Every structure is written in structure tokens, then in C-alpha cells.
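The values are calculated or read from the model by the stated rules, or taken from the named source; none is laboratory data. This is a predicted model, so every value here is computed, not measured. No Cβ is skipped: glycine too gets one built from the backbone with ideal geometry, and neighbour counts run over all protein chains shown. Heads up: the accessible areas ignore ligands, DNA and RNA and are worked out on the full protein's heavy atoms, side chains in. Shrake-Rupley method; radii C 1.70, N 1.55, O 1.52, S 1.80 Å.
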Amino acid sequence: MKCMFCGNPDNKVVDSRINEVGNSIRRRRECLKCGKRFTSYETVELIPILVIKKDGSRESFNPQKIKRGIQKACEKRPVGIEQIDQIVNNIEKTLSGYLDQEVSSVRIGDLIMHEIKAIDEIAYVRFAAVYRQFKDVSTFLEFVKGLEDEGASTKVS
């Protein structure tokens, strides 16, 4: 870090503090040449994630779109906004843990379905109905039957 007054690259950190939110560090520095003090801020650089849509187009990842979709699936269900926010945070953490900068919308949809299924089966079926875009009623009924079979096998064991 160069001194903003004299341009000297040699300085020492006098004080460091984490901001209230916890996403950056404020450092108070002193130039070893001119003795003047200045402040620098360090933040984590987030790599933007691109979503590859089903049609092959790409767009920036938008957690608000996920939240809206989950809220729609959870309408009139006993699912709180805190739970929805937690799902969105879990999805964001999972995606930021991937090494790829591009993630398919199918992968994101599967992550969302896994998270919703853990909190409410009706919301899960609602989300799946929109996300999976069932071709006809019989395909949808097969999906629901698969859920019933899954539920019966977990109750037996």
C-alpha cells in the first residue's frame, strides 16, 4: 500500500478493526517516510457467479429470484421468512463454495428443491411443479407417487 501523501510503499499498520457487519477490515497506517497517517479498507473480493439458463443464455446470479420462487411455493404454508432467508443463504454458500464461476440453473434448482423438501413437503411439490415443468398430469402423479414411496420407505426403517 503506497502512502497517499508521498507515494512511499513502506508503511506500518497502527490499528486494525473489523466493521460492524464483519465484511471488511479498517486499517490505520503510518508512512515510514513522511510519518503521516491514512486509512485503508480490506474487503473480500467475491467472484460473480453466472447462471447458465436452460436455453444456454447466461445471467448474473440473483438471490432475490430464488427468494421470490421459494416464497411463492411457501404461500399459505407454515414457513417463516427466516426459514426462507436461511435457504437462500445456504444456496449462496453452496454456490460460492464451487470452483466454477458458471453454474447451471438445473443445479441451482436441485439445490433449492433439496432445501425446501427438508422444511415443507407441500411447498416442495409446488416448487417442483413449476421448476420441473411436468409435461402432463401423469408425469406429475408419478413424481408425487415417488414422494409417497420415499416417505413409506423412511417410515418402515
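Observations on the model:
- Cβ-derived FRET efficiency at R0 22 Å, Glu42 paired with Asp10, nearest 0.05: 0.75
- Cut-off under 5 Å, modelled amide H: who pairs with Asn11 long-range: Leu32
- Å² per residue, accessible surface of segment 31-79 at 1.4 Å: 75
- Neighbours of Phe127 by Cβ distance under 12 Å: Lys/Arg scored +1, Asp/Glu scored -1, total +1.
- Cα gyration tensor shape for segment 46-137, rounded if a/c is under 1.5, else prolate or oblate: oblate
- The chain - percent of accessible surface contributed by carbon and sulfur, probe 1.4 Å: 52
- Convex hull projection area averaged over all views, the chain, Cα basis, nm²: 14.6
- Entries of Lys67/Lys145; Lys93/Lys117; Lys72/Lys117; Lys54/Lys135 with Cα pairs more than 20 Å apart: Lys67/Lys145
- Summarising the label geometry, the points placed 7 Å from Cα in the beta-carbon direction at Thr94 and Met113 lie 1.2 nm from one another.
- Charge context of Asp110, other residues only, Cβ under 14 angstrom, K/R +1, D/E -1: +3
- Proximal lysines to Lys33, defined as alpha-carbon separation beneath 23 angstrom and excluding residues fewer than eight positions away on the same chain: Lys2, Lys12
- With contacts taken as Cα pairs under 8 Å and at least 6 residues apart, the chain reaches a relative contact order of 15 percent.
- Of all DSSP beta bridges in the chain, antiparallel share, percent nearest 5: 85
- With a Förster radius of 35 Å applied to the C-beta separation of Glu142 and Asn19, the computed FRET efficiency comes to 0.10.
- A DSSP coil position with no more than 10 other Cβ atoms inside 10 Å describes the following GluC sites (Glu not before Pro) in segment 1-104: Glu20, Glu45, Glu75.
- Gain upon complete extension [Asn62, Met1; 0.36 nm per residue less C-alpha separation]: 18.6 nm
- Placing +1 on each Lys and Arg Cβ and -1 on each Asp and Glu Cβ, with no other charges, gives the chain a dipole about its Cα centre of roughly 900 debye.
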